[in-house]
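Have a look at this one.
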Amino acid sequence: MSQTLSRYRVSTRRSAELALLVGAWLIGVFAWILVDANTGDGSLGGWTSLISAGMLLLIAHGVVRWQAPYADPLLLPSVAALNMLGLAMIHRLDAADAQRAASNGSPQPTPDVYLQLTWMLVGLVAFMLVLSFVSDHRRLQRFTFTAGFAGIALLFLPLLPVIGNEVNGARLWISFLGFTFQPGELAKVALTIFFAGFLVTRRHSLALVHRKIFGLGVPRAKDVGPLLLVWLAALLVLILERDLGTSLLLFGLFIVMLYVATGRRSWVIIGGLLLTVGGALAYQAFGHVQIRFNVWLHPFDDPTGNGFQIVQSLYGLANGGIFGTGWGQGYPQLVPFSKTDFITSALGEELGLMGLIAILLLFAIVVERGARAAIATRDPFGNLLAIGLTTAIGIQTFIVVGGVTRLVPLTGLTTPFLSYGGSSLVANYIIIAILIRISNAARAPEITDAQLVMRQEAASQ
């Protein structure tokens, strides 16, 4: 009987995940060692941090093995490699800050990498809690409108007068009990759940064609309402919070999910027209939008003023060339906000074009495996939810990398898993946990009645 049952066993590939996870950790370790060798900043605290990060990832793997044994084996190692590279670069920039303070006779600053490691702990705890308590992703559909209200509340929470904070002209942060957090990162998760639940129930009506223009099906006027509401919400984020990145991410996310739900290209065209109109209105009405577009088009017109960030980023990438200057041998600290908005520029300088391509391939793996889970899942809600969460990571990465390379205007978003900042790290680990849960449901073998009887007979013998 055991030989008969062995035919129905499906490889979970958890051992492959463990091996890849160890490899991801070793990448971070080697990067850290190179930073210490080239900056002379080795310390016992660094090794403690590396060992702690390795233990956290090992525990996360154990929870995946226990709660989602059939999940995709590449998702967690890919984001772990990105996270470890981000820690190494933050450590490298901390070393530069320490050297600058020593040369100026200033007090030594507190290294940011240890706080980032703390946020990594919080993110992995959130990752494990989601896997443990969300045993079936379909249960999230019950909270469609609750997630929608929560997402809107989180999105506009920084506008409150007491806890809301304005940083660099954008009102994105809240401060509470000494902690600073960016609620918009969690809002994108909640709103993705809302979009998926809403579009599942409305996808048939949204796919109806009222008339055809030049062979393109045009939806009914009343069905354009949800798209207009999301467009207005994105404009409010841009106007009230001056957050161009979240505005683009929110609207682009809904357009992609709407297209996947209905299969109608007309929604993409309508969304593109609304995006163009919104961008033109914002450019005419708001000075900060004009500055971002002018810096994007003509950065060298004001290289020491508004264009300083992007100019320094381009010089850094040029200095890195094809293979980079090497860990700890470049000057990424010359780029403002190199730990947050411009960490990909810092990595591009010290790892070169080849290293930056490798990092982008890691993001491509995350997006591809998330899309594969969406295609393989057996329920429409899981399909839309996986597509939405994957799109959120993909669009955010495109906007950030495109901004530092001058492909698109700068938006102020952070690079997922790489940049310094706890809000983004926690939210993205929650996204990966949900994707792993959906992937597990898609890859788990279906047990037929005959197989169930055979297993019961085997257990009784």
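The values are calculated or read from the model by the stated rules, or taken from the named source; none is laboratory data. Just so it is clear, the structure is predicted and the values come from calculations on it, not from any experiment. Here the Cβ positions follow ideal geometry from the backbone for every residue, glycine too, while neighbour counts run over all protein chains shown.
Scanning segment 168-206 for residues that are among the β-branched types (Val, Ile, Thr) and touching a Ser or Thr at 6+ places or on another chain (Cβ under 9 Å), which turns out surrounded by the fewest Cβ atoms within 10 Å (Cβ to Cβ)?
Thr201
If you take the residues in segment 292-337 that are surrounded by fewer than 16 Cβ atoms within 10 Å (Cβ to Cβ) and of a type in the set (D, E, K, R), which one is farthest from Asn38 (Cα to Cα)?
Asp301
Matching residues to (1) out of contact with any Pro (no Cβ under 8 Å at 6 or more places or on another chain); (2) exposed (fewer than 14 other Cβ atoms within 10 Å of the Cβ):
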| site | (1), (2) |
| --- | --- |
| Leu85 | yes, no |
| Met89 | no, no |
| Leu93 | no, no |
| Gly105 | yes, yes |
| Trp119 | yes, no |
| Leu131 | yes, no |
| Val134 | yes, no |
| Leu140 | yes, no |
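So which pairs qualify, if the first residue must be in segment 269-297 and assigned to a helix (DSSP H, G or I), the second must be hydroxyl-bearing (Ser, Thr, Tyr), the Cβ gap must be under 7 Å, and the two must be at least 6 apart or on different chains?
From residues that are assigned to a helix (DSSP H, G or I), the pairs are Val289/Tyr283; Gln290/Tyr283; Phe293/Tyr283.
Can you tell me which residue within segment 159-178, out of those that are hydrophobic (A, V, I, L, M, F, W, C) and assigned to a loop (DSSP other than H, G, I, E, B), is nearest to Phe337 (Cα to Cα)?
Ile163
While we're looking at this one, here's another question. Of the residues in segment 308-351, how many are among the charged types (D, E, K, R) and assigned to a loop (DSSP other than H, G, I, E, B)?
Of the residues in that region, 2 qualify.
Look at His91 and say whether it is farther than 23 Å from Ile431 by Cβ, in a helix (DSSP H, G or I) and either at pLDDT 95 or above or out of contact with any Gly (no Cβ under 6 Å at 6 or more places or on another chain) (or both).
Considered against the rule, which asks whether it is farther than 23 Å from Ile431 by Cβ, in a helix (DSSP H, G or I) and either at pLDDT 95 or above or out of contact with any Gly (no Cβ under 6 Å at 6 or more places or on another chain) (or both), His91 comes out as yes.
Still on this structure, please answer the following. Looking at (1) touching a residue at least 24 places away in the same chain (Cβ under 8 Å); (2) assigned to a helix (DSSP H, G or I), find the lone condition where Phe300 falls short.
Of the numbered conditions (1) touching a residue at least 24 places away in the same chain (Cβ under 8 Å); (2) assigned to a helix (DSSP H, G or I), the odd one out for Phe300 is (1).
Here's something else I'd like to know. Inspect segment 125-138 for any residue being within 19 Å of the chain's Cα centre (by Cα), within 16 Å of Ser419 (Cβ to Cβ) and part of a helix (DSSP H, G or I) and give the result as yes or no.
No, segment 125-138 has no match at all.
Related question: Take segment 64-81 and flag every residue that is outside any helix (DSSP H, G or I) and among the small types (Gly, Ala, Ser).
Our first condition is that a residue be outside any helix (DSSP H, G or I); within segment 64-81, this holds for 68-74.
Across segment 64-81, the qualifying residues are Ala68, Ala71.
Still on this model: Need pairs with beta-carbon distance below 6 Å; first residue among the aromatic types (Phe, Trp, Tyr) and within segment 241-254, second in a helix (DSSP H, G or I); sequence gap 6+ or separate chains.
From segment 241-254, the pairs are Phe251/Ala234; Phe254/Phe195; Phe254/Val230.
Let me ask something additional. Of the residues that make up segment 264-284, is at least one aromatic (Phe, Trp, Tyr), more than 28 Å from the chain's Cα centre (by Cα) and either modelled with pLDDT under 90 or farther than 24 Å from Pro409 by Cβ (or both)?
Of all residues in segment 264-284, those aromatic (Phe, Trp, Tyr) come to 267, 283.
So of that shortlist, the ones also more than 28 Å from the chain's Cα centre (by Cα) come out as none.
Scanning segment 264-284 turns up no residue that is aromatic (Phe, Trp, Tyr), more than 28 Å from the chain's Cα centre (by Cα) and either modelled with pLDDT under 90 or farther than 24 Å from Pro409 by Cβ (or both).
A further question on this structure: Does at least one position in segment 209-224 carry a residue that is in a helix (DSSP H, G or I) and at pLDDT 85 or above?
Scanning segment 209-224, I find no residue that is in a helix (DSSP H, G or I) and at pLDDT 85 or above, so the answer is no.
Contact list please: Cβ distance under 9 Å, first residue in segment 46-57 and touching a residue at least 12 places away in the same chain (Cβ under 8 Å), second residue aromatic (Phe, Trp, Tyr) and assigned to a helix (DSSP H, G or I), pairs at least six apart or on different chains.
Gly46/Trp32; Ser49/Trp32; Ser49/Tyr114; Leu50/Trp25; Leu50/Trp32; Ala53/Trp25; Gly54/Trp25; Leu57/Trp25
Which ones in segment 285-313 are more than 28 Å from Leu228 (Cα to Cα), of a type in the set (Gly, Ala, Ser) and more than 25 Å from the chain's Cα centre (by Cα)?
If the condition is that a residue be more than 28 Å from Leu228 (Cα to Cα), of a type in the set (Gly, Ala, Ser) and more than 25 Å from the chain's Cα centre (by Cα), then Gly305, Gly307 are the ones that fit.
Working only within segment 99-126, note down all residues that are among the β-branched types (Val, Ile, Thr), over 21 Å from Val29 (Cβ atoms) and modelled with pLDDT of 90 or more. First the steps, then the outcome.
Initially, segment 99-126 is screened for residues among the β-branched types (Val, Ile, Thr), giving 110, 113, 118, 122, 125.
Filter once more, so that each one left must be over 21 Å from Val29 (Cβ atoms): 110, 122, 125.
Within segment 99-126, Val122, Val125 qualify.
Give the residues of segment 303-352 that are in contact (Cβ under 8 Å) with a residue 24 or more places away in the chain, of a type in the set (Gly, Ala, Ser) and within 12 Å of Arg406 (Cβ to Cβ), sorted by residue number.
Listed by number, the residues that qualify are Ser313, Ser345.
Turning to a different aspect of this structure: Restricting attention to segment 155-174, does a residue exist that is within 19 Å of Ile431 (Cα to Cα) and in contact (Cβ under 8 Å) with a residue 24 or more places away in the chain?
We begin by selecting, within segment 155-174, every residue within 19 Å of Ile431 (Cα to Cα); these are 155.
Subset that is in contact (Cβ under 8 Å) with a residue 24 or more places away in the chain: 155.
Yes: one or more hits.
Would you confirm, using the coordinates I've provided, whether Phe156 is at pLDDT 80 or above, assigned to a helix (DSSP H, G or I), farther than 21 Å from Thr414 by Cα and of a type in the set (A, V, I, L, M, F, W, C)?
Against the criterion (at pLDDT 80 or above, assigned to a helix (DSSP H, G or I), farther than 21 Å from Thr414 by Cα and of a type in the set (A, V, I, L, M, F, W, C)), Phe156 does not qualify.
Now a separate question. Among (1) more than 26 Å from Pro332 (Cβ to Cβ); (2) under 20 Å from the mean Cα position of the chain (by Cα); (3) among the small types (Gly, Ala, Ser), which single condition is Gly245 missing?
Looking at each condition in turn, Gly245 falls short on (1).
When you scan segment 128-151, do you find a residue that is more than 30 Å from Gly40 (Cα to Cα), free of Cβ contacts under 8 Å to residues at least 24 places away in the same chain, touching a Leu at 6+ places or on another chain (Cβ under 9 Å) and not basic (Lys, Arg), even just one?
no
Just to check your reading of the model, which residue among Ala53, Ala96 is at pLDDT below 95, in a helix (DSSP H, G or I), more than 30 Å from Ala374 (Cα to Cα) and of a type in the set (A, V, I, L, M, F, W, C)?
From the options Ala53, Ala96, the qualifying one is Ala96.
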